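Please read the structure below before turning to the comments.
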Amino acid sequence: SKYEYDIVKVLYRSETAVSGQKLAEQLNISRTAVWKAIDALKEKGYHINSVSNKGYTLIQFPKRWDAHLINLILEDSQLFQKGFIYESLTSTQDEAEKLALNESIPFIVLSEVQTDGRGRFRRNWSSLPDTGLWMSVVLKPDIALHKLTTFNLFIALALAETMHHYYEDVNIKWPNDIFINDKKLSGFLTEIKGSQDQINQIICGIGINLNTEVNQFPEALQQTATSLSVETGQYIDRYQFFKLLICNIEKYYNKFMHSEFKDVKSDYERYALMFDRTLKYTEGNNIVYGKATSMNEDGTLNVTGEDGKTYRFISADIEL
Ligand code: BTX
């Protein structure tokens, strides 16, 4: 019925159970209409708890992304005004770029499936339905190009902090990935628009495996990829995750705009997985096996190579 979304909205906003009586009064409908709508919502995959004498509580959102719900959550965001939700896209990056032509304020794009999801250097990003979060975040800052170099560092912190809420030992693989137990849980990439040395648009594409089972991953990824549900042993409510993620992106985007990397460097280093172990670093044609020793205040990484030389990487590809 047309009241379903109104009921969801009231339950979502309420911290305590809401009685059928109160819902009926608030929406100016009959108790029967309330029961019917609640039943229909349960049918659609909402977990709604009903306790006699107390009322209804929204326990869990349905599985699929829904534009109403995403925009309901975004009502609490100071940064993002709108969410564009799709069943299937080639890549949320492509769609975000098109939409950005007509939007002057930050927004997000989510798709249930990506048929041509991409990673860095045109690599493929596996984006199955229901299991993950495939999102592009469009930001409209007005910043000098040199400031952009730290953007990825702040985004990595937003992601790591969100996942840390679900799992204790989360790691950042500098500069673009989140790992748990040495397996890839998430990756992101940043595409920009601007002129000369000024940036006025950032499109950050974020991919996170949430409820993927190991055997659902393409075979080539089964040894190297993981999901939050595999690691925690729990089903992840994608809406609750989304809500927390948006909150953290907002928090770290503000930090990016108003402070410097050195202010969060120690937080970053606590998450980082590169220290005290030999890894393979590729930057351009340069391949180095070495151990990261420290980070610099500009976010670059110091690595001592097996050849004894010291390297300072700006953005290397790291293999475990
Ligand atoms: P990346 O180049 O670091 O990672 C791509 C590599 O990661 C692939 O070559 C593959 O080995 C591995 N991989 C592919 N899919 C997965 C997966 N689901 N889980 C774990 N490992 C995987 C990282 O690039 C940036 C990825 C950004 C993805 C988002 S999704 C929303 C947005 N739209 C889009 O097309 N890309 C971004």
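Helix 238-258 sits at what angle to the longest principal axis of the chain, using alpha carbons and giving 0 to 90 degrees rounded to 10?
Value to nearest ten degrees: 50.
Can you give the log10 of the normalised intensity I(q)/I(0) at q = 0.08, 0.13, 0.16 Å⁻¹, computed with Debye over equal Cα scatterers of the chain?
Log-scaled intensity ratios, in q order: -0.42, -0.99, -1.37.
How many angstrom lie between the Cα centre of the stretch 190-232 and the Cα centre of the stretch 91-133?
10
Mind scanning Lys265/Lys291; Lys63/Lys243; Lys98/Lys183; Lys184/Lys309; Lys36/Lys243; Lys9/Lys140 and naming the pairs with a C-alpha gap bigger than 21 Å? Walk me through the numbers on the way to the answer.
Values: Lys265/Lys291 18 Å; Lys63/Lys243 15 Å; Lys98/Lys183 33 Å; Lys184/Lys309 29 Å; Lys36/Lys243 28 Å; Lys9/Lys140 29 Å.
Table pairs above 21 Å Cα-Cα are Lys98/Lys183; Lys184/Lys309; Lys36/Lys243; Lys9/Lys140.
For the stretch 4-60, what is one quarter of the convex hull surface built on the Cα atoms, given in nm²?
Details: hull surface 13.3 nm².
Average of the hull's projected areas for the stretch 4-60 equals 3.3 nm².
About the Cα centre of the chain, how large is the charge dipole given +1 on each Lys and Arg Cβ and -1 on each Asp and Glu Cβ? Please answer in debye to the nearest 20. Intermediate results must be reported in sequence, preceding the final value.
Numbers: 35 positive and 42 negative charges, 106 e Å.
That gives the chain a dipole magnitude of about 500 debye.
How far is it, in nm, from the label point at Lys147 to the one at Asn181 when both lie 7 Å from their Cα along the line to the Cβ?
Roughly 4.1 nm, to one decimal.
Any chance you could get the radius of gyration and Dmax over the Cα atoms of the stretch 161-305, in Å?
Radius of gyration, then largest Cα-Cα span, for the stretch 161-305: 16.6, 48 Å.
Hey, could you get me the Stokes-Einstein D for the stretch 96-203, Kirkwood radius over alpha-carbon pairs, 10 °C and 1.306 mPa s, rounded to whole µm² s⁻¹? Show your work: numbers first, answer last.
Working: Rh = 15.2 Å.
The estimated diffusion coefficient comes to 105 µm²/s.
What part of the accessible area of the stretch 1-104, given as a whole %, is carbon or sulfur when the probe is 1.4 angstrom?
Within the stretch 1-104, the accessible surface is 46 percent carbon and sulfur.
Please list the three semi-axes, largest first and in whole Å, of the ellipsoid equivalent to the stretch 21-137, using sqrt of 5 times the eigenvalues of its alpha carbon gyration tensor.
Over the Cα atoms of the stretch 21-137, the ellipsoid semi-axes are 35, 17, 11 Å.
Binned at 5 Å from 0, what are the whole-percent values of the Cα-Cα distance distribution for the stretch 274-319, short to long?
6, 26, 38, 24, 6, 0
So for the pair Glu43, Thr293, with labels modelled 7 Å out along Cα→Cβ, what separation do we get in nm?
6.7
The values are calculated or read from the model by the stated rules, or taken from the named source; none is laboratory data. Here the structure is a predicted model, which means the values were calculated and not measured. Note that we place each Cβ from the backbone using ideal geometry, even for glycine, and neighbour counts take in every protein chain shown. Ligands, DNA and RNA are stripped out before the accessible areas are found, and what is left, the full protein with its side chains, is counted by its heavy atoms. Shrake-Rupley method; radii C 1.70, N 1.55, O 1.52, S 1.80 Å.
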